[in-house]
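Q: One structure is given below, represented as structure tokens, and several questions about it will come after.
None of the figures in this text is laboratory data; all of them are computed from the coordinates on show. All of these numbers come straight from a predicted model, not from anything done at the bench. Note: ideal-geometry Cβ built from the backbone for every residue, glycine included; neighbour counts use all protein chains shown.
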Amino acid sequence: IHGYIQLLRRAQARGQVDADRLARYLPTLDSLANRLGGLVDDLLDVSRLRLGQLPFRPRTLDLGALVRTVAARDDEQAPAEQPLLLDLPPGACWVNADADRLEQVLANLLSNARKYSPAGGAIRVTLRPDGAGVLLCVQDSGIGLPPDSAEVIFTPFGRAPNALARHLPGLGLGLYLCREIVAQHGGRIWAESAGEDQGTTVNVWLPAQD
């Protein structure tokens with residue numbers, strides 16, 4: 001952020017802040033600021049979790065409707081090479097949950113699916129009844145997970161070795177927060193991958209509301 005601001009100041013001093021330059025710099029600054037804001041929010045949520053102060057306001061809601069809302073917002077900003085495909089049941093999937101926290105979980109999973117698929121490829125979101133609950137799956141065709149990494153990525157600051165080797169950004173807090181939020185709902189979250197460059201599927205199971 002400081003670097004791009006300095007570039008703009010230099011251009012301003014030379015009288016070269018034109019529309020083309022702004023069109024190049026401002027979206028990058030916006031993206032960097034959003035990333036920084038997300039990291040700060042994650043760190044604050046980790047602190048609240050450890051103090052037992054993370055707000056949790058459950059109510060009856062249709063998880064399918066929430067998925068559609070979050071997916072539509074995500075798809076507006078998605079690159080063409082990463083289409084978002086939805087496979088949702090025609091009826092409602094009722095759960096007793098905090099809508100804001102589940103939205104946080106799904107937004108994080110979609111963001112990860114895009115970030116860890118630098119070569120592109122469709123992102124698939126499926127939702128279906130599963131026993132006494134509902135199963136939400138977010139699948140990508142990205143860098144996948146090396147052996148023995150499926151649990152590491154859900155620990156605080158835990159990241160898969162191939163993500164670190166490819167210098168993909170992240171602190172390793174998002175999935176840890178997802179796990180804690182899902183656990184508060186009486187559910188569970190886990191990842192599956194056939195190996196490196198074979199994509200990853202993150203599954204979230206939540207108990208259904210009778």
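Q: Just the Kirkwood number for the chain, please: inverse of mean 1/r across all distinct Cα pairs, in Å, one decimal.
A: Numbers: mean 1/r = 0.0538 Å⁻¹.
Result for the chain, one decimal place: 18.6 Å.
Q: I've got another one for you. Taking a cut-off of 11 Å, what percent of all Cα-Cα pairs in the stretch 13-53 are separated by more than that?
A: Value for the stretch 13-53: 70 percent of Cα pairs lie more than 11 Å apart.
Q: A further question on this structure: For the chain, set up a GNM with springs between Cα atoms under 10 Å and report which of Gly15, Gly131, Gly174 has the largest fluctuation.
A: Looking only at Gly15, Gly131, Gly174, the biggest GNM fluctuation is shown by Gly15.
Q: A follow-up question, please. Does anyone have the angle between helix 19-51 and the longest principal axis of the chain? Alpha-carbon axes, 0 to 90°, nearest 10?
A: Orientation of helix 19-51: about 40 degrees from the principal axis.
Q: Also, I was wondering about something else. Given a cut-off of under 8 Å on Cα pairs at least six residues apart, what relative contact order in percent is computed for the chain?
A: On the way: 332 pairs, mean separation 39.7, N = 210.
Over the chain, the number comes to 19 percent.
Q: Are there GluC sites (Glu not before Pro) in the stretch 80-180 that DSSP marks as loop and that have at most 13 other Cβ atoms within 10 Å, and which are they?
A: Within the stretch 80-180, the qualifying GluC sites (Glu not before Pro) (loop, at most 13 other Cβ atoms within 10 Å) are Glu81, Glu151.
Q: Nearest 10 degrees is fine. How inclined is helix 2-13 to the longest principal axis of the chain, computing both from alpha carbons?
A: 30 degrees
Q: With a 10 Å radius around each residue's Cβ, average the other Cβ atoms per peptide and rank 140-149, 27-36, highest first.
A: Ranked from most to least packed, the peptides come out as 140-149, 27-36.
Q: If the viscosity is 1.002 mPa s and the temperature 20 °C, what translational diffusion coefficient in µm²/s does Stokes-Einstein give for the stretch 83-175 when Rh comes from Kirkwood over Cα pairs?
A: Rounded, D is 146 µm²/s.
Q: Two decimals is fine: what's Rg over Rh for the stretch 1-86, C-alpha atoms, Kirkwood radius as Rh?
A: 1.15
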